[in-house]
1. Tell me, how many Å apart are the Cα centres for region B:92-169 and for region A:154-181?
2. Can you give me the span-like helices of chain A, meaning DSSP H runs with 27 Å or more of Cα extent along the axis and Kyte-Doolittle mean at or above 0.5?
3. Once a ≥ b ≥ c are taken as the square roots of the eigenvalues of the Cα gyration tensor of region B:281-340, is the result rounded (a/c under 1.5), prolate (a/b larger than b/c) or oblate (a/b not larger than b/c)?
4. Among A:Ile358, A:Ile53, which comes first, second and so on when ranked by fewest other beta-carbon atoms within 10 Å?
5. Label position 7 Å from Cα toward Cβ: report the copy-to-copy distances for A:His41 in nm, one decimal, ordered from shortest.
6. Under the classification rounded if a/c is under 1.5, otherwise prolate if a/b is larger than b/c and oblate if not, where does chain A fall, given a ≥ b ≥ c as square roots of the Cα gyration tensor eigenvalues?
7. Using +1 at the C-beta of Lys and Arg and -1 at the C-beta of Asp and Glu, which of A:Gln157, A:Ser131, A:Phe87 has the Cα lying farthest in the positive direction of the dipole of region A:85-172?
8. How far apart, in nm, are two points set 7 Å out from the Cα along the Cα-to-Cβ line at B:Glu346 and at A:Asp144?
There are 2 protein chains.
Amino acid sequence: MKNRLHFNTTLGEKAKHAFNALQKEKESIGYYALPEQDISHITAYCETIPSSIESIAVIGIGGSSLGAKAVYEFLKPVENLRRKLYFFESTDPINIKSLLSQIDLEKTHFLVISKSGTTVETFAIYKYILSLQANASCYTFITDPGSALEKYAKSVQAQILHLPDNVGGRFSVLSVVGLVPLALCGIDIKALLAGASKIKNSFFEDGYLHDILLKKSLFYAKNHAQYHINCLFAYSESLKYFCEWYVQLWGESLGKKQRSSAFHVGLTPIGLIGPKDQHSFLQLIMEGTRDKSVTFIQIEDFEDEIKIPNTTLAHLESLDTLNNLPFSQLINMQCNSVMEALKVEENIPLDSITIPKIDAENIGSLIFYYELLTSLVGELIDVNTYDQPGVEAAKIILKKKLTHSL
Amino acid sequence: MKNRLHFNTTLGEKAKHAFNALQKEKESIGYYALPEQDISHITAYCETIPSSIESIAVIGIGGSSLGAKAVYEFLKPVENLRRKLYFFESTDPINIKSLLSQIDLEKTHFLVISKSGTTVETFAIYKYILSLQANASCYTFITDPGSALEKYAKSVQAQILHLPDNVGGRFSVLSVVGLVPLALCGIDIKALLAGASKIKNSFFEDGYLHDILLKKSLFYAKNHAQYHINCLFAYSESLKYFCEWYVQLWGESLGKKQRSSAFHVGLTPIGLIGPKDQHSFLQLIMEGTRDKSVTFIQIEDFEDEIKIPNTTLAHLESLDTLNNLPFSQLINMQCNSVMEALKVEENIPLDSITIPKIDAENIGSLIFYYELLTSLVGELIDVNTYDQPGVEAAKIILKKKLTHSL
């Protein structure tokens, strides 16, 4: 991965302090240790799932689904995967029925993922699916040790996998939560972790990313009152769900009351896909309020050599400049053109990330890069990056409504 | 459609002025007249496409694809459609190949949509597909009268349909651009236009929406410096692509230099889907910076009575409150709970839109509602709602790059 910043900031005491804070967090926050975890129990678990199973269905929402979806959708078009992966993550009845129509219940294994074991969406869907498929051997439960869900799973003699300690939902993709569904589909989770590990080492062991991540987070934090919208502009359709994962990670981690002042702060994430969103959101970036930073993601080599043919269309000869161009070169030229156009404008902080190709290692790198960046920015804008107190109020109101409707 | 505003603002001279401006725009801006257009030529055209054609593929980007996609994806899960609809809208080679693997070229009709006839993405893809399917009768071209593309289409004796005058891409879904692909799939475009017509009349003929749309646009415009992020939180997975259409409409229309001052202004659109995004973006709305308004969209009746079964799970008895609840009721309870939780917070302007059910008429209404709202806000924040000068710079740079790579 290469990351080039087109803005500057000087590292000083604040950066040193943030780096030390992350060093310290490694002792208590679980996600930092995930790249080096032992995955033998996951591999062993995967072997218990019969080869007659053709589909894996995750029943889970938010942090329980977005990470695996990001990786799966990135790799699916280029890899010959062993199984298909589905996500039941909405209480929308039309959506539930549409997903069910795509799978064969007899050839599907369900992963019910809930940290606490009381997520309303997950259990509404689980109860419904259980009424269609009562066989306990078709389900595996992923939950915290000792949770009510674990007790239930034991009572029906279903398989149970445990979440590691102190790994929040949105930081859990590299734990069993993401690794199990991905491994069951035949995705190389070792390579995924290796990609994450590279980024981790580069940052903590004073490698290439040490200064870059500190500079970027310091710039975002220092200027968060002005540049409070952070666009991720990815030039690859395959990164669409990575953008959704990023939106959760960034928004839920960095939209908070400050620890010291209880003042509302927040950085708003926007996920964009190029070149499509050049025809949508670009106008707003170019000419709208100067409140947005933009990070471009490019794929150096799509490893696919489909080309624009050498055809001249009558009356459209001006388009001959496209002839013989590989699409992978065109899409990157489009990205570079947008970057150059934005560089001419004032007050739009830009940077660009390039990954060499579409594979498990590279998406692992992107994931860990963004997790570290989130932790750094959270520390620097003085919020608790790892909680989400703001989502509780609606849950309590729903609980009351449900009780009264009984 | 019902629309309830949970904020207040007083209508006065400014509102009257904006209303009159829109009345005047009706003479020059084409989209206002679309609900009452004569569609007999579209119906006649559709009959020329053989019944052996099973798929329709749009080759187009931005305004040429987002609208039809929004309507198609909204109706697809509930209607028994005649044909499938695909969208070639990216130069990403992996995406092009993945789409091609899903269609049978012999049973596909392609709609090449480009106003000017020089959109780089559209012609890169068209040239490639032409090399696989050379038969001109498999293509219809939708373009401006007299464009270079029309001349080309004539030279190969392909069918041509014309865009109406003065309808910009992002306001074109109710013109041939959207109606043709939708009608070919068997979607009731008459009902779609009837839904739009209802909203138009309600606004212009002093109906229910007259005051509501003026109040809402006035509030957004007056407070645009503070509430410059406008979230659309739709409680239905089927509205996912409607949100993408909204993002283009809002961002590209309202992110501009002001007409009178050349000052950068802009309203940033965010599309959210509930309940999924309760587990993602909600934290940022609840506790983040007070710079966001939120509009909820609910579907009153999903016309689908799948229910949560009356099951008790050992150790998870607290979830029995869900038993016997229809999913359509649960999802709306979730939406109401989030609204109530946000109402307790200060400084988060809310409103809610309810449509009775998922059908063509209702999505037509939603589309026209948002088009009118965009026109009103654009007028009130003093921008040219209908141009997009900011996207030209990158196009010029790309053109140069392409010429030099020859």
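Laboratory data are not the source of any read-out in this text; all were calculated from the coordinates shown. If you're wondering where the values come from, they're calculated on a predicted model, not measured in any experiment. In this analysis, Cβ positions are derived from the backbone assuming ideal geometry, glycine residues included, and neighbour counts consider all displayed protein chains.
1. 47 Å
2. Working: long enough: A:360-380 (30 Å, 0.81).
Membrane-span-like by this criterion, though nothing is claimed about a membrane: A:360-380.
3. Values: a/c = 4.52, a/b = 1.65, b/c = 2.73.
It is oblate, given that a/c is not under 1.5 and a/b is not larger than b/c.
4. With the fewest neighbours first, A:Ile358, A:Ile53 line up as A:Ile53, A:Ile358.
5. List, nearest first: 6.9 nm.
6. On the way: a/c = 1.71, a/b = 1.26, b/c = 1.35.
It is oblate, given that a/c is not under 1.5 and a/b is not larger than b/c.
7. Working it through, the farthest residue towards the positive pole turns out to be A:Gln157.
8. Placing both labels 7 Å along Cα→Cβ, they lie 3.3 nm apart.
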